[in-house]
1. Go through the range 24-35 and count every residue that is touching a residue at least 40 places away in the same chain (Cβ under 8 Å) and surrounded by 13 or more Cβ atoms within 10 Å (Cβ to Cβ).
2. Does any residue of the range 145-165 turn out to be within 27 Å of Ala282 (Cα to Cα) and under 21 Å from the mean Cα position of the chain (by Cα)?
3. May I ask you to list pairs of residues, at least six apart or on different chains, whose Cβ atoms are under 8 Å apart, with the first in the range 58-87 being among the aromatic types (Phe, Trp, Tyr) and the second being in a helix (DSSP H, G or I) and open to solvent by 80 Å² or more (accessible area, probe 1.4 Å)?
4. Show the residue pairs that are 6+ apart or on different chains and have beta-carbon atoms under 7 Å apart, the first residue being within the range 119-142 and at negative phi, the second being hydroxyl-bearing (Ser, Thr, Tyr) and in a helix (DSSP H, G or I).
5. Against the conditions (1) among the aliphatic types (A, V, I, L, M); (2) assigned to a helix (DSSP H, G or I); (3) crowded, with 16+ Cβ neighbours inside 10 Å, where does Ala293 fall short? Just the number, please.
6. For the range 250-281, give me each residue that is within 16 Å of Leu207 (Cβ to Cβ) and open to solvent by 10 Å² or more (accessible area, probe 1.4 Å).
7. With among the hydrophobic types (A, V, I, L, M, F, W, C), in a loop (DSSP other than H, G, I, E, B) and touching a residue at least 24 places away in the same chain (Cβ under 8 Å) as the only criterion, which of Leu215, Leu208, Leu145 stands out?
8. Counting just the residues of the range 302-329 that are over 27 Å from Val214 (Cβ atoms) and part of a helix (DSSP H, G or I), which one comes out modelled with the highest pLDDT?
Amino acid sequence: MALKNHQYQALMRAYDLRQSMNAHLQSRRIDEVHKEIPEIAEIEHTISTISVASARRLLDGDRTALAELKLQLDELARRKRQLLADHGFPPDYIDSVYTCSDCKDTGYIGNEKCHCFVQASIDLLYFQSNMQGILETENFNTFRLDYYSETITDSITGLTSYQAITRAVEESKDFIRKFSLKYQNLLFYGSTGIGKTFLTHCIAKELLETSHSVLYFSAVQLFDALADTVFSKSEDRTDSIHEEIFNCDLLIIDDLGTEVVNNFVASQLFTCLDTRDSMQKATIISTNLSLQAIREIYSERIFSRLSSQYKIIKLFGDDIRLLKKLHSY
């Protein structure tokens with residue numbers, strides 16, 4: 001997944017700043033060494049002089065010039081390292097300084113992105129996702145199925161709570177596997193504390209790790225942000241929020257139904273879902289509301305959009321947050 005242009009430019013500005021700071025550090029070290037060991041400044045002047053002279057010899061057809069220059073440079077470099085060591089400096093103290101020696105702080109090795117650029121991209125996407133920190137503890141590696149009952153059964157599907165969550169986890173992993181190949185959306189619904197939000201975090205972490213842009217909002221946060229875009233006097237702020245909400249690879253709307261629902265909220269929700277659908281951008285929604293409540297609280301057209309464009313997954317069972325508290329005593 002390619003970064004958005006503004007994200008890519010932000011990373012490249014960071015690399016430019018890194019190069020500038022490291023060049024400044026090298027310059028300060030060179031000044032320090034020249035003051036303490038004047039002979040090193042003389043050696044560097046000699047290197048410059050013999051390099052120019054050898055270049056002239058090469059242009060005049062002297063084929064021995066290059067080999068002789070290499071021998072001279074090797075000896076001068078050895079002398080520099082010895083002088084540095086004698087005065088307590090590391091042998092590479094005045095060499096070029098790089099945060100990443102593999103790409104020399106360019107972000108690229110040849111035409112390929114360096115591993116440091118890939119990691120910087122992931123870090124940026126994490127920062128912009130509103131999910132910093134939480135995904136370290138809430139992911140598939142920490143997801144526990146033993147909190148789900150094998151005796152509590154849904155009267156309609158006949159599935160136990162354990163079977164339902166097992167199926168939901170598999171659906172989530174399938175969503176991740178097919179993310180770049182197939183447009184899809186998910187709606188998790190069910191009572192409080194049964195792992196809906198945790199499961200969206202698991203999905204978010206996997207997609208962020210593969211450099212997809214993920215944006216997480218609680219429903220309250222989302223509609224506050226959308227209200228800002230409508231009523232803000234700053235065009236830059238409006239454009240920025242719209243860029244993220246409507247164009248990110250995955251938008252997660254958590255706890256739909258906890259916001260104060262009115263005509264404005266319902267209208268903005270439909271606009272958000274409709275815009276992302278038209279752009280084939282994935283959305284995941286979690287809610288404590290029943291399907292019937294969603295139909296009644298929002299509108300028939302919103303419910304129709306959800307029922308036709310979203311894979312609907314019901315979770316049920318004991319309140320895991322309560323179980324964890326009980327187990328901690």
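The values are calculated or read from the model by the stated rules, or taken from the named source; none is laboratory data. What you see is a predicted model; the values in this text were computed from it and never measured. Please note: Cβ atoms are built from the backbone with ideal geometry, for glycine as well, and neighbour counts cover all protein chains shown. In case anyone asks, the SASA skips ligands and DNA or RNA and just uses the protein heavy atoms, side chains included. Shrake-Rupley method; radii C 1.70, N 1.55, O 1.52, S 1.80 Å.
1. Residues flagged as touching a residue at least 40 places away in the same chain (Cβ under 8 Å) and surrounded by 13 or more Cβ atoms within 10 Å (Cβ to Cβ) within the range 24-35 amount to 4.
2. no
3. Close Cβ pairs (under 8 Å, with a partner that is in a helix (DSSP H, G or I) and open to solvent by 80 Å² or more (accessible area, probe 1.4 Å)) do not exist here.
4. The qualifying pairs are Gln132/Tyr126.
5. Result: Ala293 passes all but (3).
6. Of the residues in the range 250-281, the ones within 16 Å of Leu207 (Cβ to Cβ) are 250-254, 276, 280-281.
Hits for the range 250-281 are Gln280, Lys281.
7. Being among the hydrophobic types (A, V, I, L, M, F, W, C), in a loop (DSSP other than H, G, I, E, B) and touching a residue at least 24 places away in the same chain (Cβ under 8 Å) holds for just one of Leu215, Leu208, Leu145, which is Leu145.
8. Leu322
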